[in-house]
Structures are given as structure tokens and as C-alpha cells.
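So the structure is just underneath, and the comments pick up after that.
The values are calculated or read from the model by the stated rules, or taken from the named source; none is laboratory data. Because the structure is predicted, anything quoted here is derived from the model rather than measured. Positions of Cβ are backbone-derived with ideal geometry, glycine not excepted, and every protein chain shown enters the neighbour counts. Ligands, DNA and RNA are excluded from the accessible area calculation, which covers all protein heavy atoms including side chains. Shrake-Rupley method; radii C 1.70, N 1.55, O 1.52, S 1.80 Å.
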Amino acid sequence: MNLSVGIVGFPNVGKSTLFNAVLKKQQALTANYPFATIEPNTGVVEVPDKWLKPLAQVVKDEEKLEDLPPIIPAVVTFIDIAGLVKGAHKGEGLGNQFLSHIREVTAICHILRDFDDDSIIREGSTDPKTDLEVIRIELALKDLETLNKQKEPKGKQDPSEKERWNAVLKFKSALENNIWVKKIIDEEKNPNTKQTLENTAKLLNLLTAKDEIFVVNIDEQKLKTQNIPNLTDYYQKLLNEPKEKIIVMNNKLEMDLAGFTEEEQKELLKEYGLQRPALERLINTAYKTLGLLSFYTAGKKEVRAWTIKKGSTAQKAAGTIHSDFEKLMISAKIVKAQDFVTYKGWHNCKEQGKIRIESRDYIMQEDEVAEFNIGK
């Protein structure tokens with residue numbers, strides 16, 4: 001699935017530092033001057049998953065294998081994008097490059113600076129709330145430019161063209177009133193209209209139709225002396241965004257942690273009163289924000305997490321494994337990952353009545369192990 005998250009923000013707010021941490025290696029140029037990142041850096045990151053190794057251990061024992069079968073996790077692609085400045089929609093700074101690269105991502109990860117360091121130059125950044133407002137204005141202005149270029153269909157109209165034009169007018173009105181296109185789509189109740197809005201936004205590649213998450217980059221002192229849940233509550237009120245989409249972290253610490261062993265990480269995190277790297281939450285938040293979930297296949301050849309959209313049927317899930325499976329699927333054996341691990345595999349799960357046989361139209365749920373019955 002071509003799903004990606006663009007790391008977005010003003011220059012010198014910690015975008016490339018975060019990117020380096022996410023990839024657990026120095027892949028992006030980190031430098032203390034504006035526009036250190038010119039070409040976007042891209043990396044594929046494993047989604048932290050508590051079930052893969054236990055599932056693999058069960059398969060090893062059940063199949064009497066010498067070693068664990070290969071483990072293949074789900075992934076999210078992160079893209080580090082050049083810093084934005086006020087006036088980007090008119091080409092200021094590296095605005096044109098920035099906006100063209102951000103069009104290619106599925107979701108936006110805003111990096112917002114809330115740390116004090118006189119040695120790191122501020123390039124347009126003021127405070128988290130103001131920075132977010134400026135970035136959103138730039139994206140909205142670029143979308144308005146796109147929408148204003150659209151032409152009203154003339155003469156005898158195809159109904160779909162009229163619907164598309166109505167969507168364009170609705171988007172223009174929303175943006176002129178400081179409302180994002182994503183909000184208009186999410187709040188639409190009529191399924192057919194909603195589909196038209198989604199298709200139009202996708203066709204026009206509108207920036208304000210993308211999902212968002214928010215990383216607030218704070219300094220080490222604040223991280224040591226203040227409680228993360230309290231800070232999250234504070235930024236929720238400041239930014240007026242859902243708490244589950246806000247991640248508070250120190251990007252430099254996260255990058256440093258990436259170079260340590262798991263035990264060394266635990267020791268360093270203790271100094272800050274933390275239990276796990278914030279990156280794990282960021283990656284999982286990105287995965288969920290993209291509207292994704294994982295199901296598993298567990299056999300001696302491999303134990304794998306497969307990525308599907310929430311609401312996908314078993315038939316669609318089978319199609320992620322092989323396109324022919326989607327056409328030929330008859331039914332699916334489904335068991336919860338927890339039960340698969342607790343009862344030690346397919347055989348015991350069957351004896352305990354934990355396996356369900358589901359049809360092609362079954363809606364897949366989070367953390368299920370599936371085996372598909374394929375016809376000929």
C-alpha cells in the first residue's frame with residue numbers, strides 16, 4: 001500500500017533530527033542552518049508489534065522448527081520534507097519544492113518547536129500555535145489556488161461533472177472560512193456525496209484533505225521536570241487538536257536513543273521518568289491515523305503482519321496477499337492473536353472452539369490471525 005507520512009514544519013524545528021531517530025540511523029542531513037534538507041529523504045519504518053514474535057514462537061513449537069520462521073512486520077513510510085516559510089504558496093524559500101513533495105504523502109506530521117536554544121537559529125518559527133496556524137494558511141492558500149483554476153462545466157453536463165463542480169465550490173467556501181477540506185469530508189453524512197468529495201479531493205491532490213498528527217519538540221529540561229500526560233493536555237488545549245494525535249517528545253533524545261541497546265535505552269529513559277521511546281507511539285499513531293490495521297498470517301514459511309484499511313472485508317484482506325486470492329477466496333479461518341498464543345496454535349485453538357469460519361464479506365478486525373480458503 002502506497003501510504004506515507006510527510007514530516008513538515010519550519011526550518012530548524014527538529015524535522016531531520018526526528019527523521020534520523022525514526023530510521024534508527026543517520027539518513028537525513030541535520031545541520032544548524034535553514035533548508036538543510038532540500039531533497040526529501042524517504043525511509044520505511046517497522047510498526048512496533050507485540051504479537052509477531054509470540055506468534056512466531058508458537059509456529060516454531062507447533063511445527064517443530066529449529067529456528068523461528070521469518071518475521072515480516074507492517075511498515076510506515078516517513079518522508080522528511082524541506083522546511084516551509086511564510087509565503088511558501090507564492091514560492092518563498094523552497095515553497096514550490098515543499099508543496100510539490102507534500103502533495104505526494106498520505107498524511108502530514110507537523111513538527112512544532114517549543115524548546116529554547118540560542119545556538120539553533122529560528123527561521124520563521126515563533127511558537128507551536130502560531131507555527132501551526134502559518135503552515136495551515138500556506139497549505140490552504142495553495143489549495144485555493146488549485147481550486148480557483150478549476151472551470152465550471154458548460155453546456156450539457158455529465159451528472160458526475162456537476163457533482164465534482166459542487167464539491168469544488170464546497171471546498172472553496174470552506175477554505176475561505178478557515179475550515180479544512182478534511183473536516184468537510186469527515187462531517188458529510190450522505191455516503192454518495194462523501195465519496196464524491198473524497199474523489200474530488202484526491203483528484204486535485206488537495207493538501208488540506210490530508211490527515212494530520214502533531215509532534216511537539218520540547219527541551220530536555222521540560223522533559224525531565226514536567227509530566228508527559230500533563231504536557232499533552234496542555235498542548236491539546238493550545239492546539240485544539242485530539243489528544244491521541246499529539247506526541248510530546250525531545251527529538252534529540254529520541255535520535256540519541258536510537259544508537260543504544262535496549263538495556264541502555266531503559267537506563268537513559270529512567271532519567272526522564274519515561275518507560276518507552278516516544279517514537280513507538282509516533283509510529284503507531286501514524287499507522288492508526290492513516291486508517292490502517294494489521295492482520296496476521298502464521299505459518300512455517302513466515303509470520304507476517306499485513307496492512308489493510310479499517311473496514312476491509314476478508315476478501316480484500318486476501319487480496320493483499322495475492323490478487324488472485326481476492327477473486328478466488330471462498331472463506332477464512334479467523335482466530336484472535338491472543339487466543340493463538342494462549343492456546344499454542346491452530347490445532348489447540350480448534351479443540352478449544354476459538355476458530356471462526358467467516359465469509360468473504362466479513363469485516364476484518366485488529367489483531368486477528370487469518371488463513372484463507374482459496375478456490376480454483
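Of the residues I184, I246, I218, which is over 27 Å from V13 (Cα atoms), open to solvent by less than 40 Å² (accessible area, probe 1.4 Å), β-branched (V, I, T) and modelled with pLDDT of 90 or more?
When all the criteria are applied, what remains is I184.
Take region 333-371 and flag every residue that is touching a Ser or Thr at 6+ places or on another chain (Cβ under 8 Å) and more than 21 Å from Q57 (Cβ to Cβ).
Of everything in region 333-371, those that are touching a Ser or Thr at 6+ places or on another chain (Cβ under 8 Å) and more than 21 Å from Q57 (Cβ to Cβ) turn out to be I357, E358, S359, R360, D361, Y362, I363, M364.
Enumerate the pairs (first residue in region 53-69 and part of a helix (DSSP H, G or I); second residue anywhere and among the basic types (K, R) and modelled with pLDDT under 95) with beta-carbon separation below 7 Å, excluding pairs fewer than 6 apart on the same chain, so at least 6 apart or on different chains.
The qualifying pairs are V59/K300; E63/K300.
Quick one: K224 ticks every box in (1) over 27 Å from the mean Cα position of the chain (by Cα); (2) closer than 30 Å to N12 by Cβ; (3) modelled with pLDDT of 95 or more except a single one, so which number is it?
(3)
Determine, yes or no, whether V369 is modelled with pLDDT of 95 or more and outside any helix (DSSP H, G or I).
Here the answer is yes, as V369 does meet what is asked.
Let me confirm something: among N205, N199, which residue is among the polar types (S, T, N, Q), open to solvent by 20 Å² or more (accessible area, probe 1.4 Å) and touching a residue at least 40 places away in the same chain (Cβ under 8 Å)?
Going through N205, N199 in turn, just one is among the polar types (S, T, N, Q), open to solvent by 20 Å² or more (accessible area, probe 1.4 Å) and touching a residue at least 40 places away in the same chain (Cβ under 8 Å): N205.
Taking the conditions exactly as written (under 26 Å from Q221 (Cβ atoms) and modelled with pLDDT under 85), does R113 satisfy them or not?
So R113 fails the test.
Is it the case, given these coordinates, that T313 is of a type in the set (V, I, T) and either modelled with pLDDT under 95 or within 25 Å of T261 (Cα to Cα) (or both)?
No, not satisfied.
Please verify whether L292 is among the hydrophobic types (A, V, I, L, M, F, W, C) and farther than 22 Å from F340 by Cβ, treating the condition exactly as stated.
Taking the combined requirement at face value, the residue does not satisfy it.
Cβ-Cβ distance below 8 Å, separation of 6 or more or different chains: which pairs start in region 210-235 with a residue that is farther than 17 Å from R281 by Cβ and end on one that is of a type in the set (G, A, S)?
K210/A107; K224/G273
Looking at (1) surrounded by 24 or more Cβ atoms within 10 Å (Cβ to Cβ); (2) modelled with pLDDT of 85 or more; (3) aromatic (F, W, Y), can you tell me which one W51 breaks?
(1)
Does any residue of region 82-105 turn out to be buried (at least 19 other Cβ atoms within 10 Å of the Cβ), at pLDDT 85 or above and of a type outside the set (G, A, S)?
Yes, region 82-105 contains at least one residue that is buried (at least 19 other Cβ atoms within 10 Å of the Cβ), at pLDDT 85 or above and of a type outside the set (G, A, S).
Going residue by residue through region 335-348, is there one that turns out to be closer than 16 Å to L52 by Cα, without any contact (Cβ under 8 Å) to a residue 60 or more places away in the chain and among the hydrophobic types (A, V, I, L, M, F, W, C)?
Within region 335-348, one or more residues are closer than 16 Å to L52 by Cα, without any contact (Cβ under 8 Å) to a residue 60 or more places away in the chain and among the hydrophobic types (A, V, I, L, M, F, W, C).
List the residue pairs whose Cβ atoms are under 8 Å apart, where the first residue sits in region 174-188 and is of a type in the set (G, A, S), the second is in a helix (DSSP H, G or I), and the two are 6 or more positions apart or on different chains.
Correct list of pairs: A174/V181; A174/K183; A174/I184.
Enumerate the pairs (first residue in region 260-276 and under 14 Å from Q221 (Cα atoms); second residue anywhere and in a helix (DSSP H, G or I) and open to solvent by 90 Å² or more (accessible area, probe 1.4 Å)) with beta-carbon separation below 9 Å, excluding pairs fewer than 6 apart on the same chain, so at least 6 apart or on different chains.
Within 9 Å, the pairs are E271/K224; Y272/K224; G273/K224.
Out of everything in region 140-170 that is basic (K, R) and over 17 Å from T193 (Cβ atoms), what residue ends up being most open to solvent (accessible area, probe 1.4 Å)?
K156
Restricting to region 44-71, name every residue that is closer than 30 Å to I7 by Cβ and β-branched (V, I, T).
V44, V45, V47, I71
Condition test on T37, is it modelled with pLDDT under 85 and in contact with a Ser or Thr (Cβ under 6 Å, 6 or more places away or on another chain)?
yes
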